[in-house]
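The values are calculated or read from the model by the stated rules, or taken from the named source; none is laboratory data. Keep in mind that what you see is a predicted model, and the values were worked out from it rather than measured. In this analysis, Cβ positions are derived from the backbone assuming ideal geometry, glycine residues included, and neighbour counts consider all displayed protein chains. These area figures cover heavy atoms from the full protein model, side chains too; ligands, DNA and RNA do not enter into them. Shrake-Rupley method; radii C 1.70, N 1.55, O 1.52, S 1.80 Å.
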Amino acid sequence: MDNELTPTPTAPSGAPLPAAPAWLAGWQRRLSGVAMPPATDRTVPVPAVAASSVTAPSTPATEEDFWAQVSISPVLGEARVVEGTALREVTFLWEGDQPEVMVHINSLTDAHRHDITPALLKRIPGTRIRHISYLLPEDILAGYRFVTDTHIPRDVGAARPGWKRIHERGVPDPRNPRTLPHPLGETSSMLVMPGFAAHEAWDPARPARHRGERRTLRTEPHVSPARTVFLYTPPEAVTRLLVLFDGDRWDALNLPDALDRFGAPGLAVAMVSAISPEDRQTDLPHPERIAAILRVEVLPAVAEALGQVLDPTRIIVAGQSYGGLAAGALVLEHPDIAHTGIVQSGSFHFRANTEPSPHAEDPGDVSERLASRRPGPQTGRLIMQLGSEEGILVPQGRLLRDRARAAGYPVSYREVRGGHDFAWWSHGLFTALEEALHPSGV
C-alpha cells in the first residue's frame, strides 16, 4: 500500500507554524521584565510523549543557569495536533552577539526563501540568547544550520546564487551532537524528532553483523573523466550489487560501517563518485549518458575487481535527486543495466535543454516518455521514496509512479516527513534495501 502524507501545516508565508512555548515565555518575562502575551494558534493540545532530545528546562535564575540546563539543543516542548498532523514545539537556540542569526532547516526554510524573515532568531533583551520556536512534525528528520551576519537580505533566496551562499555559510548547532556532512559546507546538525523511525544500521552502538572490505577503484575515461568508485564487498561471495550515485557523499557518511551493521549476505556496493557538481549535472539527469558511463566505465571496473559479471537481475541502482532520476530512468529505459531502482526524491521534473528549476510544474522527459509506453509485462521494478517537504517533487513523483504502474511496472511508494535531505535518505536507503533484497510484493 502506498504511504502518501497530507501536507505539513504551515503559516501563510510557507514557513513552519510559529510556536510560543510557555517555558521560554516565562523565562523571558523573568529576565527582561517584558510582558509576553499568551500564544494563539490553531492547535489542539495532546498528551506529551517522551522526547529524544532535551525537554524544556525549568525557569533558571540567570543566563548561565539557563545554558547549564540546556546542554543539548534544540529543545522539544509540548506536542500538538494541527489539521490532523502530529506536531511538537521545537526551539532553536543560539548564543552570541552577531547582529542577525537565521536558522536554515533543510527544505522547510526553502518554502519561504523569497522572504527569510520567519527564520530570523530573536534576542532575549539583556542576554546573548537568540531563539526561534516552531511547530514541526513529530516524525521528521531534517538537517539544519545557523547563518550569522551583520545583515541577511530578506530576499537572499530569491535567486539561486544567494541561496547557495546560505548553504555554504551555514554552521552547525554547537549544542547538538548529532551531525552529518553537508554537500555545500562542512557539517549540518540533525533535528531528530521522537517519532522518526531511525534505521538500526546507523546506530553506532549496534554490533556489526559482518566485516566487509572497502577499496577504491578508478574508472577509465572513455565516456567521461576518470572517476572514483568506492567498492564495498562482503566477506562472503558476492551475489548482489548495489550501484549508488553520489558516492563521495555516501563514503563521507561512513556507509561501509552501516553496511557492516546491516549485514546483508552477498551484497556488494559500488559508490560512484559524481566527480564535481558540474559533472554531476552533466551526467545524472541524462539517461543515455549515465547508462553509457555505467556500461563502459563503472560496471567493467567493478566486474574486474569482483572477478565476475553480475546479471542485471542481480543489480540494484539507487540515487537521490538527480541520482534518483537516473536510477528510475535506468530501470525504465535501460533494463540491460539494472532491474531494480531505489528512487529517493527523484527529479522527475527535469527537461533537457531547459533551465533547471525545482518549481517546474510540467512533467519531465522521463515521465513524458513513460506516458507513451505501451502497457505490458516489464522486467524492472521501482522502490520510490519522497520527502513531504519537497514541493513539486511530490506531485511529480506520484505522477511518475502512476505512469510506471500503468506501463506494467511494479512500484512501491512511500512518503516520509522530511526535505531534500541526506538526513532521511540515509535511513530510507536501508529500508528500501530490505525491500529490494527480500521482496514481499508491492
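The residue among Ala338, Ser426, Ser367 whose Cα reaches farthest toward the positive pole of the charge dipole of the stretch 319-428, with charges on the beta-carbon of Lys, Arg, Asp and Glu, is Ala338.
Accessible area per residue for the stretch 129-172 in Å², computed with a 1.4 Å probe and the full protein assembly in place, what is it? List each step's numbers first, then the result.
Numbers: 1750 Å² over 44 residues.
Per residue, the stretch 129-172 has an accessible area of 40 Å².
Within a Cβ distance under 10 Å of Glu390, other residues only, what is the Lys/Arg minus Asp/Glu net charge? Taking every other residue near Glu390 into account, the sum is -4.
The protection proxy used here, the mean number of other Cβ atoms lying within 10 Å of each residue, ranks peptides 158-167, 98-107 as follows, highest first: 98-107, 158-167. Under 1.5 on a/c is rounded, so check that first for the stretch 128-260, then, if it is not, pick prolate when a/b is larger than b/c and oblate when it is not; a ≥ b ≥ c are the square roots of the alpha carbon gyration tensor eigenvalues. Here the stretch 128-260 falls in the oblate category.
Among 69-81, 192-204, what's the highest-first ranking by average C-beta atoms within 10 angstrom per residue? Write out the running numbers ahead of the final one.
On the way: 69-81: 19.1, 192-204: 16.1.
Put in order of decreasing packing, that is 69-81, 192-204.
How large is the dipole of the stretch 249-305 about the Cα centre if only Lys and Arg carry +1 and Asp and Glu carry -1, each at its Cβ, rounded to the nearest 20 debye? Provide the component values of the computation, followed by the final result.
Numbers: 5 positive and 9 negative charges, 31 e Å.
With Lys and Arg at +1 and Asp and Glu at -1, about 140 debye.
Computed from the alpha carbon atoms alone, the convex hull of the stretch 253-359 holds 119 Å³ per residue.
Taking the convex hull of the alpha carbon positions in the stretch 370-442 and averaging its projected area over all directions gives 5.1 nm². Candidate membrane-span-like segments in the chain, meaning DSSP H helices with Cα atoms spread over at least 18 Å of their own axis and a Kyte-Doolittle mean of -0.5 or above, are 393-407, 422-437, with no membrane implied.
How large is the charge dipole for the chain, taken about the Cα centre, if only the Cβ atoms of Lys, Arg (+1) and Asp, Glu (-1) carry charge, to the nearest 20 debye? Walk me through the numbers on the way to the answer.
Numbers: 43 positive and 52 negative charges, 44 e Å.
So the magnitude is around 220 debye.
With the convex hull of the Cα atoms taken as the outline of the chain, the averaged projected area works out to 21.7 nm². What is the local net charge at Ala301, summed over the other residues whose Cβ is closer than 13 Å to its Cβ (Lys, Arg +1; Asp, Glu -1)? Neighbourhood net charge equals +1.
Can you send over the carbon and sulfur percentage of the accessible area for the chain, probe radius 1.4 Å, protein chains only? The partial results should precede the final answer.
On the way: 9890 of 18700 Å².
C and S atoms contribute 53 percent here.
Packing here is the average count of other Cβ atoms within 10 Å per residue, and on that basis the peptides 223-230, 284-291, highest first, run 284-291, 223-230.
Taking other residues whose beta carbon is less than 14 angstrom from the beta carbon of Leu191, and scoring Lys, Arg as +1 and Asp, Glu as -1, yields -1.
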